[in-house]
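One structure below.
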Amino acid sequence: MRKLLPSPVKEPLFKVKKLLFAVALVVSAGQLFAQSADNVKYYVTIGAFRIEDNARRFTEVAKKMNYNAVYALNKTRGLHYVYVLATADKREALRLQIRLRATTDFKDAWVFMGLLADDGAIEEKPIVEEKPVDEKAGVENPLTIVLVVNSVKVKARQDSIRKAEEAAKPKPKPPGNPFKFRLLRRESGSEVMGEVHVQESSKASRYQAFPANQVVYIEAPRNREGTYTLVTQAAGYKPVKTIMSYRTPGGTQGAEGEQIVELPLAKAKRGDYIDFTSVKFFKNSSVLEPPSRNELAGLVSLMKEETGFKIRIHGHVNGKISRDAILIGKSTEFFKQVPANELRKNTTASDLSTERAEVVKRYLVSQGIPADRIKTKGDGGKIPLYPEGGTLGIYNDRIEVEIIKH
């Protein structure tokens, strides 16, 4: 009897196909991620405007002050950002931001990380298709890679069209009347990010929080007067409290029929003070959170360049009561919670704020800044920016740097 031989096994070809498919996805994803990372920039921004004409005028003012100012659209927020530097170097951007805050009238300068729509440096990189090679040894045609990449592109375009069609469909309007609360910096008229708390009365314990500079819908109040009490909340600015008539709020009417209510704001602290909004501590501790390193690096660079500057670091906490806190003592692990180096104790608000200011000083000294150029002060919870128990009370925990010029 003849012995039957087994059929040729096709498994190796199947494995090659799977391998090529995986390579195609990895290559495609790698190209996309590389493109995104290459394009990310840091913009030193001095103003943000909903209306393009205002951004254009502000840009011209900055140019007359010898700044290379440009404005571009942030599509996500719908605001035109006026910036004086676009760079891929984060530290360079932070250094200029702190210099602007310390030595110019641009006390609110900040660094935006991402992409702005009108930036001429942003281009879509073409996808390079592979050419077919000689098919030998049963290897599948490499054009499969190109087909996979193209099918991904087609699907992405279809998803984009579908989302655009859904966005174009009229959406049902929420109940109530439309309003836009514009928070404006009193000195320049530029918009300020924040929110507005809407209360039935000035003594009410409950409120509705709405984002500023956006169209929001608010139902009619239940009180006889038909009014709301508005309280502004914006980091670094004094709260403003005012009464608004729901039916006749005054102001102008926007493109969507919304009533525009403008609320000018004044800085919470004037003079040569810098609010270090990115310098944060772990809750009830003097240990710095790791992202604080970037903003402090900008301060280090400024102090090294401006050798005549001396500073006073002010520490603030939320509330005036004592609390159980974690202090790092003499540890040099400024940005890490290390159990072996932690000192746990009950401390007053004043002592915790002083300890935090001292930690920042010790970090600056470790980076080469002479200790005699740095003073510290703990203000406890005596100078809050927001109500202690409110939703923004956590922002009372902060560091401010007072710069003394010589």
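A few remarks follow.
- Considering Ala102, Ala168, Ala121, Ala93, the condition of being at pLDDT below 85, among the small types (Gly, Ala, Ser) and crowded, with 16+ Cβ neighbours inside 10 Å is satisfied by Ala102 alone.
- Residue match in segment 298-305 (condition: among the small types (Gly, Ala, Ser), crowded, with 21+ Cβ neighbours inside 10 Å, in a helix (DSSP H, G or I) and modelled with pLDDT under 90): yes
- Wholly enclosed strands (runs of 3 or more DSSP E) of segment 50-116 bearing at least 3 residues in contact (Cβ under 8 Å) with a residue 40 or more places away in the chain and more than 15 Å from the chain's Cα centre (by Cα): 70-74, 79-87
- Selected residue (criterion: farthest from Val231 (Cα to Cα)) from residues of segment 187-197 that are hydrophobic (A, V, I, L, M, F, W, C) and touching a Pro at 6+ places or on another chain (Cβ under 9 Å): Met193
- Of the residues making up segment 198-208, one or more are crowded, with 17+ Cβ neighbours inside 10 Å, farther than 12 Å from Met244 by Cα and assigned by TED's automatic domain parsing to the domain that holds Arg247.
- Residue list for segment 282-297, filter: assigned to a helix (DSSP H, G or I) and not aliphatic (A, V, I, L, M): Ser292, Arg293, Asn294, Glu295
- Number of residues in segment 180-207 that are at pLDDT 85 or above, closer than 20 Å to Thr391 by Cβ and not in a loop (DSSP other than H, G, I, E, B) equals 6.
- Considered as a group, the residues in segment 356-406 that are more than 19 Å from Lys330 (Cβ to Cβ) and assigned to a helix (DSSP H, G or I) include one that is nearest to the chain's Cα centre (by Cα), and that residue is Tyr395.
- Hits in segment 310-324 - residues which are among the hydrophobic types (A, V, I, L, M, F, W, C) and under 28 Å from the mean Cα position of the chain (by Cα): Ile311, Ile313, Val317
The values are calculated or read from the model by the stated rules, or taken from the named source; none is laboratory data. Remember, it's a predicted structure, so these values are computed and weren't measured experimentally. For neighbour counting, all protein chains shown are included, and Cβ atoms are generated from backbone atoms with ideal geometry for every residue, glycine included.
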